[in-house]
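See structure below.
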Ligand code: 6R9
């Protein structure tokens, strides 16, 4: 596929856009030359209790990295998402909810959402939650989950949302790390025609952590669950005891808003910390401009609220902008591959946003599902989470967008809070597979792996960012040193993204994927180290090494090399047992695709596993194993090649 396939913005997109090509160029330049002036101006999009006089105060200088934006400003996120809209759009729909079961739906207006958030906030207070306390949220895709997040923001509590697919062990680790004393959950979740035992998972997690005093349970399916007296309460009963009057807590712009755990290349998941003012300015601005959101439109992002995409582009960005945001409880393939398109038509969606893995899966199911639906209201399609292959981009454009919709491929990360590289619709021509150009205030740079700045336009290497933007994470919760070491130590003076990229002759960025030991499986981040430590926790496993390999639908699959304890016989049953074990330890997203028995792993004489070789074997690329002379025992490589797995 040529880089030169270029799509000009449609006449309709050019006519309606907030920002045209000339304005993009001019404002981008201003945002870099005068960040204080530019971001002070942008801050006016929010309601402040006290408008900031200090705008940017950041340094990437190792090891004194410090990031502050709007540091003397005072505001409340929930007031910005709710209260300020009541006078102008109190009766407008804020959230449309589409249930897993076709035919089930719901909606709330801004006024109703405001009331529900205030009531939930009072329930939190009545249960002892104070400003600064961490609140774990392990809930399904229901309106009450957005309510719970906003209720935390209203009283200044810091939420930590855990994706409903994570296991009890993963919950326990996250609850323990942030020291949260309260968990908000539901009896069960629904997904793809199945139920997910959320409360049961919380119970199992709590057998492993101390300090949790209260579990508040929202009724979703109504099936019976265990309630531990003195610890567990039903939300509905608590809500009946409080009123719906709860003034928003004035928060400093740099007060924490939430923690979200994400995988890195080493150790356990990190608690990415986002704060109040900069996050909301950046989240709401990117939501408005990268999707060219305009009043009255219905915006649908298919992510789960358990991920950053759900935080910024289901809840905070859209609601800060007074948008109508759609929350979908189900999955793209249930009951069949036309579900998303039925929902688009049913709720008259204007902007639709999903991940490449879903696009590839739906493409694989057959174009006829999308072709049956005209979806006349659709005008813009987003893609996020992993690199999109041009074939999937073109399919999306043709079969979903009917060659009429703009496509916005947005590159960003949990750490960045909002979009970083993405085409402004109506201003920037797109190339299938490229996230195109940086957002305001974002200065990407390409370095050689050794750290040399590539100054020429056409370049390839690792992607770093030169200076801070308001949505940037501020720290790793409870471990600032880990923050500094992870993102600022390898390439001094830059924020290291962990991604590789190419910049073409037009200055367009093409993200090529992670250059560290982070996997991207169906758009979900997973550290190889996490899967390895789950495997070695099994009593029959002595050693394990995990790498990614290209997977048609998931983007990357999980390939595991496992060395068993001496004398332990290998078998397909054990393979199945290990697969289930990893699912149980981490969650179904970590389920290994392949497990290869490896009597030995390729190690250097100093004992380091040579992952390069393991990756090549997993990729079936034996011609390019490179230098194996530093291996302690070169013979292990022949054994690995001879026993490569090609069926699960
Ligand atoms: C938002 C989100 C971040 C990693 C990131 C990169 C990959 C995300 C992408 C993309 C190519 C895009 N990624 N968007 N790669 N094109 N448009 O996904 O956050 O879960 O933290 O993942 O995802 O590798 O570094 P997160």
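The values are calculated or read from the model by the stated rules, or taken from the named source; none is laboratory data. Predicted, not measured: the structure shown is a model, and the values here were computed from it. A quick note on method: Cβ atoms are made from the backbone with ideal geometry, for glycine too, and the neighbour counts reach across all protein chains shown.
Listed conditions (1) touching a helix residue (DSSP H, G or I) at 6+ places or on another chain (Cβ under 6 Å); (2) touching a residue at least 60 places away in the same chain (Cβ under 8 Å); (3) buried (at least 23 other Cβ atoms within 10 Å of the Cβ) are all met by residue 379, apart from (1).
Name the single residue, out of those in segment 383-396 being out of contact with any helix residue (DSSP H, G or I) (no Cβ under 6 Å at 6 or more places or on another chain) and in a loop (DSSP other than H, G, I, E, B), that is farthest from the ligand (Cβ to nearest atom). Among them, the one singled out is 389.
I'm checking my understanding of the structure. Among residues of segment 476-496 that are part of a loop (DSSP other than H, G, I, E, B) and within 16 Å of the ligand (Cβ to nearest atom), which one is farthest from residue 422 (Cα to Cα)? So, considering only residues that are part of a loop (DSSP other than H, G, I, E, B) and within 16 Å of the ligand (Cβ to nearest atom), the one farthest from residue 422 (Cα to Cα) is 477. Screening segment 555-642 for helices (runs of 4 or more DSSP H) wholly inside it with 2 or more residues that are within 30 Å of residue 198 (Cβ to Cβ) and in contact with a helix residue (DSSP H, G or I) (Cβ under 9 Å, 6 or more places away or on another chain) returns the ranges 572-585. Checked against the criterion of being part of a helix (DSSP H, G or I) and touching a strand residue (DSSP E or B) at 6+ places or on another chain (Cβ under 9 Å), the candidates 123, 129 yield just one match: 123.
This table checks each residue for (1) farther than 21 Å from residue 72 by Cα; (2) part of a loop (DSSP other than H, G, I, E, B); (3) in contact with a strand residue (DSSP E or B) (Cβ under 9 Å, 6 or more places away or on another chain).
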residue	(1), (2), (3)
246	yes, yes, no
260	yes, no, yes
288	yes, no, no
293	yes, yes, yes
310	yes, no, yes
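Selection of segment 164-208 for residues being part of a loop (DSSP other than H, G, I, E, B) and under 21 Å from residue 582 (Cβ atoms) yields 164, 165, 166, 167, 192, 197, 207, 208.
Residue 499 falls short on exactly one of the conditions (1) away from the ligand (no atom under 15 Å from the Cβ); (2) modelled with pLDDT of 95 or more; (3) part of a strand (DSSP E or B); (4) within 20 Å of residue 267 (Cβ to Cβ), and that condition is (1). Within segment 348-372, the set of residues being more than 19 Å from the chain's Cα centre (by Cα) and part of a helix (DSSP H, G or I) comprises 361, 362, 363, 364, 365, 368, 369, 370, 371. Checked against the criterion of being modelled with pLDDT under 95, within 16 Å of the ligand (Cβ to nearest atom), surrounded by fewer than 18 Cβ atoms within 10 Å (Cβ to Cβ) and not in a strand (DSSP E or B), segment 502-515 has at least one qualifying residue.
The set of residues in segment 397-418 that are within 20 Å of residue 338 (Cα to Cα) and either surrounded by 24 or more Cβ atoms within 10 Å (Cβ to Cβ) or more than 16 Å from the ligand (Cβ to nearest atom) (or both) comprises 398, 399, 400, 401, 402, 403, 404, 405.
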